[in-house]
């Protein structure tokens, strides 16, 4: 590692080695060579010949395969300084290793044959890794929701106390957003196609020349290349490049995952402030350089921080797609080199953090119960009123009295810092004809959580478990975070 130049935090601190490899030079240029081999094999198999003799031989293809992995980077770099063209530099470097095949490398193709097809292949592999991590986050959250499906907790609207829910039910809100992201990811992943080999403006004119105008043979080129590279098909039409709309769709999926992670991490940060839930905190971790007692939710804060980056980064492919001229311009290239890899690297880090946080999420039931019980008398007033009516009270009169007493109890809490004494005030009012003991029987939190438990069970059974069963081969991963 060199310490005298910029180093990307995405590779140094956040993204996994697995995701970094997918966007590495080795992955890129080895894929270029595999594409050149697939093109040469296809042309040979389709009978490309000159004066009755095959243009491409088995010996040439064997030579290409022998050097598919060992990239001679220094030769390519030196050549690029001379010609200022990355693809032709690597054609030259490959040819230096394969002198017998040098003349048929990249035959009939344009630069985007290797560049764009590789981009699709790389994004596809990266989406598969994102899917694996997302499925594992869903699995861990499902376990958490199941464990705490019956734990009553104070729910909030506008971050103001509202009707109670359960800790597990709240987790299903996070979980549902991630399942929606998985649906989007699977759709986009299932729709990925190669560019194929379409030529300079997408017309396949060079292949029309190579194969002497044989349309039937030319129609076979793209399907054969796709099959050799592990794809179902190629995009049916293109300019020189595949539509940059594809990058937009991919980036939008990543931004959706980031938004879901951001929402969950914000909730966890607020809950940690309330001391109800806490993200993992390691034995020797330091929360603050000045305040030794602090336990900051730094993992959740990092999730939020990286997520904002991904959501904003998704604008790059959208704007790039919108500003492409006709069959192609090159103002996409520098932007794509940054926006697409960095979105994936950041989401990779986000999902590792999510996995780590959910895996070690600590719940404090006593704190949760204390806060809930401090607010529950207000929420129980309707039940109290109905019980009082059964004992002979007038509903309209009781409603007014309970409103007045609630205001008084609220003033005691807010202005004098006292505990909520609403139950005592009601017990002292003869209009209700209820003792404090009678009222306290109304304070069982499970009476006020509605169908939270049942909703968790139904959601896990009908939505989440089928997802996990369909992806069981992806389960079981454990995330490591660097810092």
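The values are calculated or read from the model by the stated rules, or taken from the named source; none is laboratory data. From a predicted model like this one, the values you see are computed outputs, not experimental measurements. With ideal geometry, Cβ positions are generated from the backbone for all residues, glycine too; neighbour counts draw on all protein chains shown.
Figures for the structure shown
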read-out	value
Residue within the stretch 442-462 that is in a helix (DSSP H, G or I), free of Cβ contacts under 8 Å to residues at least 12 places away in the same chain and more than 22 Å from residue 165 (Cβ to Cβ) present	no
Failed item, numbered, when residue 241 is tested on (1) assigned to a helix (DSSP H, G or I); (2) closer than 29 Å to residue 314 by Cα	(1)
Residue within the stretch 194-202 that is in contact with a strand residue (DSSP E or B) (Cβ under 9 Å, 6 or more places away or on another chain) and over 20 Å from residue 108 (Cα atoms) present	no
Within the stretch 312-362, tally of residues that are part of a helix (DSSP H, G or I) and more than 12 Å from residue 244 (Cα to Cα)	26
Residue match in the stretch 442-450 (condition: farther than 30 Å from residue 184 by Cα, exposed (fewer than 14 other Cβ atoms within 10 Å of the Cβ) and within 46 Å of the chain's Cα centre (by Cα))	yes
Top-ranked residue of the stretch 410-441 - restricted to ones that are assigned to a helix (DSSP H, G or I) and under 15 Å from residue 393 (Cβ atoms), ranked as farthest from the chain's Cα centre (by Cα)	427
Failed item in (1) surrounded by fewer than 17 Cβ atoms within 10 Å (Cβ to Cβ); (2) assigned to a helix (DSSP H, G or I); (3) in the same structural domain as residue 243 (by TED's automatic domain parsing), with residue 208 passing the rest	(3)
Residue that is surrounded by the fewest Cβ atoms within 10 Å (Cβ to Cβ), among those in the stretch 394-409 that are touching a residue at least 12 places away in the same chain (Cβ under 8 Å) and within 47 Å of the chain's Cα centre (by Cα)	406
Answer from 76, 126, 38, 109 - the residue that is buried (at least 18 other Cβ atoms within 10 Å of the Cβ) and either in contact with a strand residue (DSSP E or B) (Cβ under 8 Å, 6 or more places away or on another chain) or closer than 30 Å to residue 467 by Cβ (or both)	126
Residue check, residue 417 farther than 19 Å from residue 274 by Cβ and either surrounded by 12 or more Cβ atoms within 10 Å (Cβ to Cβ) or out of contact with any helix residue (DSSP H, G or I) (no Cβ under 7 Å at 6 or more places or on another chain) (or both)	no
Test set (1) modelled with pLDDT under 95; (2) farther than 23 Å from residue 113 by Cβ - residue 328 fails condition number	(2)
Residue match in the stretch 130-148 (condition: modelled with pLDDT of 95 or more, over 23 Å from the mean Cα position of the chain (by Cα) and surrounded by 19 or more Cβ atoms within 10 Å (Cβ to Cβ))	yes
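Results for (1) in contact (Cβ under 8 Å) with a residue 12 or more places away in the chain; (2) surrounded by fewer than 22 Cβ atoms within 10 Å (Cβ to Cβ); (3) touching a strand residue (DSSP E or B) at 6+ places or on another chain (Cβ under 7 Å); (4) on the phi > 0 side of the Ramachandran plot, shown as yes or no for each residue.
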| residue | (1), (2), (3), (4) |
| --- | --- |
| 316 | yes, yes, no, no |
| 322 | no, yes, no, no |
| 329 | no, yes, no, no |
| 340 | yes, no, no, no |
| 362 | yes, yes, yes, no |
